[in-house]
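Right, one structure below, let's go through it.
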Amino acid sequence: MSESNEPADEPDASNTGAERRLHERESSTGPQPIVDMGFGPVDILDWSFGGARLKGSGAALTVGEFATGQIHFGDAGGTFIADVVRVDPPYFDPQQTPNEISLRWLDLPPDVLEQMIAATAPSSST
């Protein structure tokens, strides 16, 4: 029996379904940011420090476009800038609204970020 000097096949994380994002997503179980892109608040499916996944909105956004609007979290608020990184379904009829839009935050008000950090901090039990 001969031994092989070839490296063992290592699983590719991109094919395993493993989470690759830097910041863990938060769901609707706790405080949520409120996002308004100019036509009323949009439902947030989940969010993280890196971005948010929104329920389909009235905006006809495509991947690569910039999105701006107002974001509020607790008492904090201000203008955000994000880019659209995913639209689901990807090839939707322009006359219809997509089911989901994923944004990557490019600029958030510092006080909103502070509220996000506070909301995700583990509670200390004494």
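Structure above, values below:
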quantity	calculated
Looking only at the stretch 67-94, and only at residues there that are in a loop (DSSP other than H, G, I, E, B) and either surrounded by 12 or more Cβ atoms within 10 Å (Cβ to Cβ) or at pLDDT 95 or above (or both), the one that is nearest to the chain's Cα centre (by Cα)	G74
Filter result (within 13 Å of the chain's Cα centre (by Cα) and outside any loop (DSSP other than H, G, I, E, B)) within the stretch 43-66	I44, L45, D46, W47, G51, A52, R53, L54, K55
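The values are calculated or read from the model by the stated rules, or taken from the named source; none is laboratory data. Predicted model, so just to flag it, every value in this text is computed and none were measured. Note: ideal-geometry Cβ built from the backbone for every residue, glycine included; neighbour counts use all protein chains shown.
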